[in-house]
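As structure tokens, the structure follows; a few thoughts come after it.
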Amino acid sequence: MKYYFNCEPLIGTAFTELPLGALKPCGWLKDQLQIQAEGFTGKLPKYWDYLGDNSGWLGGDGESWERGPYYLDGLLPLAVLLEDEELFAQAKKWIEWTLGSQRENGQFGPMVNDDWWCRMIMIKVLMQYEEATGDPRVVPFLLIYFRYQADHIDESPLDGWGKARGGENILGLQWLYHRTGEKFLLDLMAKIHDQTNDWTGIFNKFP
């Protein structure tokens, strides 16, 4: 596995996040993850229509916002950490649909929803998937998407949950910058930062 530290001009860090799969659970922690796999997480799509085959994140006309990406953000690492082929296959069908959904302009995901926020979550999923599998499609996919975002962020600025949690967008930009060195990603980081809630100010003077 390759480990990435902050590249200039980003501020250097003493530590870096380990890629998904670099560590494996054992003992009590593995037991808890197994309980999760055999219970709520492993069985949820059977009982909750939002995560069924009709999901907008599987090409259906059902829920097309955050629920599919949120589920994947937990399901995929669970499958990788447990080396559970059944759970991984369950996650993979969502990932394959997402990678195949990119339009010519770079946008991806359900056609009925252009919200930046739900894509921030799915980008986290794709980052983890690339770390765990090395799939060569992920980096160019994200590059094309972020070029789309750079072209449209001024006319469609962050709002709602995207404005509150733009840091998750920046996380994806940093991840990609470490792997490509593309300078436009730095400019986009600055724009996303400027459009995100001032959490430092809120922390210092809570309204």
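The values are calculated or read from the model by the stated rules, or taken from the named source; none is laboratory data. Treat the numbers as computed from the prediction; the structure is a model and nothing was measured. Don't worry about glycine lacking a Cβ; one is built from the backbone with ideal geometry, like all the others, and counts go over all protein chains shown. Keep in mind that these areas ignore ligands, DNA and RNA; they rest on the heavy atoms of the full protein, side chains included. Shrake-Rupley method; radii C 1.70, N 1.55, O 1.52, S 1.80 Å.
Overview of results
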quantity	calculated
Subset of region 1-41 that is part of a helix (DSSP H, G or I) and of a type in the set (Asp, Glu) - its residue that is nearest to Leu72 (Cα to Cα)	Glu38
Criterion: in a helix (DSSP H, G or I), open to solvent by less than 10 Å² (accessible area, probe 1.4 Å), farther than 29 Å from Glu38 by Cβ and touching a helix residue (DSSP H, G or I) at 6+ places or on another chain (Cβ under 7 Å) - qualifying residue of Leu142, Leu126	Leu142
Asp31, sole failed condition from (1) open to solvent by 20 Å² or more (accessible area, probe 1.4 Å); (2) in contact with a Ser or Thr (Cβ under 6 Å, 6 or more places away or on another chain)	(2)
Selection within region 42-82 - hydroxyl-bearing (Ser, Thr, Tyr), part of a helix (DSSP H, G or I) and touching a residue at least 40 places away in the same chain (Cβ under 8 Å)	Tyr70
Condition met for Asp154 (assigned to a loop (DSSP other than H, G, I, E, B), under 16 Å from the mean Cα position of the chain (by Cα) and at negative phi)	no
Unique match (being part of a helix (DSSP H, G or I) and surrounded by fewer than 19 Cβ atoms within 10 Å (Cβ to Cβ)) among Arg147, Arg119	Arg147
Qualifying residue in region 38-59 (condition: hydrophobic (A, V, I, L, M, F, W, C) and within 18 Å of Gly172 (Cβ to Cβ))	yes
Pairs with Cβ under 6 Å, 6+ apart, first in region 142-170 and in contact (Cβ under 8 Å) with a residue 24 or more places away in the chain, second surrounded by 16 or more Cβ atoms within 10 Å (Cβ to Cβ) and among the basic types (Lys, Arg)	Ile153/Lys191
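Yes/no per residue for (1) under 15 Å from the mean Cα position of the chain (by Cα); (2) under 21 Å from Lys43 (Cα atoms):
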{"site": "Leu76", "(1), (2)": "yes, yes"}
{"site": "Glu85", "(1), (2)": "no, yes"}
{"site": "Trp97", "(1), (2)": "yes, yes"}
{"site": "Phe108", "(1), (2)": "yes, no"}
{"site": "Asp114", "(1), (2)": "no, no"}
{"site": "Met120", "(1), (2)": "yes, no"}
{"site": "Met127", "(1), (2)": "yes, no"}
{"site": "Ala132", "(1), (2)": "yes, no"}
